[in-house]
Every structure is written in structure tokens, then in C-alpha cells.
Amino acid sequence: MVELEGGIRRQTFALPLGIDHVNCYLLPSSDGGWTAVDTGLGLPDAGKRWARTLDRLDRPVQRIAITHFHPDHVGAAADLAELTGAPVFQGVDDYDQCLRTWGELRVAGRMPDYLRVHGTPEADVESFEEEGRAFVQFVRFVRDPERLEPGGELDGWEVLHLPGHADGHLAFLRDGILVAGDTLLGSITPNVGLYPDSRPDPLADYLTSLERIAELAPRVALPGHGDPIDDPAGRARELIAHHRERLDRTAEALDGDPVSAYDVSLTLFPDPLPPTLRRFALAETRAHLEYLVRRDGAKRVDGDERVSYVA
């Protein structure tokens, strides 16, 4: 555990994913306890890992806040809530998406067809189905949490809605400190993907979120992965430029022949990738393609069994 400015503490947990760790934050609360932001992945030993962290705290965790529904952020929410008795706070839209992804409203059954229609080879589709069935067990979210509304406050922290990486992604701002979740990362670019049942233009959402961060100009950002970011506004502008350059490369990958989003992803992300990361690459490619389609920079061709794109 690392102590940061303002008495904030950062607990980093290892992950067996493409990224090897996730940061959770403990914010000093006005009632003499702590507010935990994010919970890590719900691995079998998640409760034990959190118990070791709680033993090192001098005050109890009074509330738990979730930035977004991705498994490495919400996965151990039930474990931490059971250990502490603290209520869980989650955004209205984010909780709905949590139910659609991990709960009884799961839309995972739609993913294989989504992958196929956008050109994914069948072997990768089958790999996703196996992975999806295995992954659900590592997400133990809390049912019917306390709902957070953008523009409100949580123990003196302003609740910001910063969609793009996730539709309902929330961040928390106070005294120049932005608890950013995965909206802003220092060493890598957050994945911005277009998936079934998500908002239709996530890249536009994300660029707007980055512009808002640049305007707010917090002094420091505490990201979900990696070290604190000392110039959040500058980093936001770097990410805007990155996506503008990727949009140019996406447009260049199109010509007169219809091409699938999967094939365009091989141009934008040419390195060999395991199926999970190729799926992220496909979703990010689709976000860029649909951004162009909505601004007359590309055309989508909807076939019976395949969706393609042309210049």
C-alpha cells in the first residue's frame, strides 16, 4: 500500500490479464473512515487480499465506489462489501450495463454473432465463448447498489460522467485531484470499443471526456493502472491527438473494396495478439470506423452475414 497526497492510499492488486495490475484507492472520508474506489478482480483469494489490506488501515471502510463495470474494477465488490459491511455506490447507467454483461440480463450470447459479422475467424469466436464462460465467476458485483448520478457528490467528491472507455464510466474530483479510473492512463491508451448494446459512438464520447478533463485541468490524476499523472490536461490532449492520428490511419485502410472491421484491425494493430486482445482491437477499430461513418468519412455496407466498410 502506498500513501499519496491528501492522505489517499493506493492498493495495487496483481492481475492475470493482458495488463498485470489494477489500482484501488482509499480516500479519507468526512465521517472518519475510508471510501474505497474500485475493488479489483474477483479472484478466489480476493477476500483474503482485501482482508490483509483492511488489517493495515487505522479506520473502517465506510463506503465503496465503482468507477465502471469492467471485471478488474467491480469484480471483488461483493467480497469487499461483505468484509466491511459498507454500501456500494455505482452509476445508474453503469449498473445497468453491469447487469447486461455479468448478470441475469447478460448479452454475452450476442457476442459470437457480433464477432462473426465483423469478420472474426471462427477459431477466435470459439475461444471467446470459452473465455466468457470462465470469466463470469470472477465478477462478484453487488446487487441494487446505491446509485450515483453525474453532477452529484460522494462525501465531498464531485461525481463526473466521463464515458468512452465504458459507457457509464465515473470519476471523482476534489481539490485538484481526479480519481480517474481508466479514463486517463499514463503509459498506455485506454481501450475505446464499440460492443453490442453499447452507446453508438464511444469514440466521440471519449474525445468529449478528454476535452472536459483538459478544461478542468486537475493538478493530478490517479489512474486505474500505472502511476499518478502529474499533467492530466496535457495527457488528455496527447490522447486526443493519438485518436486523431488513428482516425487518419483507419481512413487510409479503406479503399474501393469492402473490408471487414477485423481486417482493418489487422492494419491498425499489426502485431500478433491473443484472441482476447484481438477482440479489444476489433472493438476499438469499430469505434473508429463508426466515428468516420457518422461524419461521412466512411461507408458501412450491411450484408446478410457480414458488415463491411469502404471509403
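The values are calculated or read from the model by the stated rules, or taken from the named source; none is laboratory data. No experiment lies behind these values; they were computed from the predicted model shown. So basically every Cβ, Gly included, is an ideal-geometry build from the backbone, and we count neighbours across all protein chains shown.
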*Would you please name the residue that is modelled with the lowest pLDDT, looking only at residues in region 190-235 that are hydroxyl-bearing (Ser, Thr, Tyr) and out of contact with any helix residue (DSSP H, G or I) (no Cβ under 6 Å at 6 or more places or on another chain)?*
SER198
*asked:* Which of the numbered conditions does PRO145 fail, given that it passes all the others? Conditions: (1) buried (at least 22 other Cβ atoms within 10 Å of the Cβ); (2) in contact with a Gly (Cβ under 8 Å, 6 or more places away or on another chain).
replied: (2)
*asked:* Out of the residues in region 238-268 meeting the condition of being acidic (Asp, Glu) and farther than 22 Å from VAL125 by Cα, tell me which one is nearest to the chain's Cα centre (by Cα).
replied: GLU238
*Complete set of residues in region 6-38 that are under 26 Å from ARG279 (Cβ atoms), touching an Asp or Glu at 6+ places or on another chain (Cβ under 7 Å) and outside any strand (DSSP E or B)*: LEU15, LEU17
*Single unsatisfied condition, PRO275 versus (1) at pLDDT below 95; (2) of a type outside the set (Val, Ile, Thr); (3) in contact with a helix residue (DSSP H, G or I) (Cβ under 6 Å, 6 or more places away or on another chain); (4) within 24 Å of ASN23 (Cα to Cα)*: (4)
_Under 8 Å between Cβ atoms, which residue pairs at least 6 apart in sequence (or on different chains) link something in region 69-84 that is closer than 13 Å to VAL139 by Cβ with a partner that is acidic (Asp, Glu)?_
PHE69/ASP94; HIS70/ASP182; HIS73/ASP38; HIS73/ASP182; VAL74/ASP38
_Subset of region 206-237 [within 20 Å of the chain's Cα centre (by Cα) and either at positive phi or of a type in the set (Lys, Arg) (or both)]_ = ARG212, GLY226, ARG235, ARG237
_Among the residues of region 39-53, are any outside any helix (DSSP H, G or I), at pLDDT 95 or above and among the aromatic types (Phe, Trp, Tyr)?_
no
*Matching residues, region 259-276, being among the hydrophobic types (A, V, I, L, M, F, W, C) and either without any contact (Cβ under 8 Å) to a residue 24 or more places away in the chain or surrounded by fewer than 18 Cβ atoms within 10 Å (Cβ to Cβ) (or both)*: LEU266, LEU268, PHE269, LEU273
*Tell me, please, whether a residue that is modelled with pLDDT under 95, of a type outside the set (Gly, Ala, Ser) and more than 21 Å from ARG306 (Cβ to Cβ) can be found in region 257-269.*
no
*asked:* Please go through region 244-270 and give me each residue that is out of contact with any Gly (no Cβ under 6 Å at 6 or more places or on another chain) and among the hydroxyl-bearing types (Ser, Thr, Tyr), ordered by number.
replied: THR250, SER265, THR267
*If you take just the helices (runs of 4 or more DSSP H) that sit entirely in region 177-293, which of them hold at least 3 residues that are touching a Pro at 6+ places or on another chain (Cβ under 9 Å)?*
202-216, 232-252, 275-293
*asked:* Residues that are crowded, with 21+ Cβ neighbours inside 10 Å and modelled with pLDDT of 90 or more, at least 2 per element: which helices (runs of 4 or more DSSP H) completely within region 76-142 meet that?
replied: 77-84, 92-102, 111-117
*Test ARG212 against the criterion of being in contact with a strand residue (DSSP E or B) (Cβ under 9 Å, 6 or more places away or on another chain), over 19 Å from THR67 (Cα atoms) and either touching a residue at least 12 places away in the same chain (Cβ under 8 Å) or not hydroxyl-bearing (Ser, Thr, Tyr) (or both), and give yes or no.*
no
*Selection count, region 155-188, where residues are of a type in the set (Val, Ile, Thr), at pLDDT 95 or above and surrounded by fewer than 20 Cβ atoms within 10 Å (Cβ to Cβ)*: 1
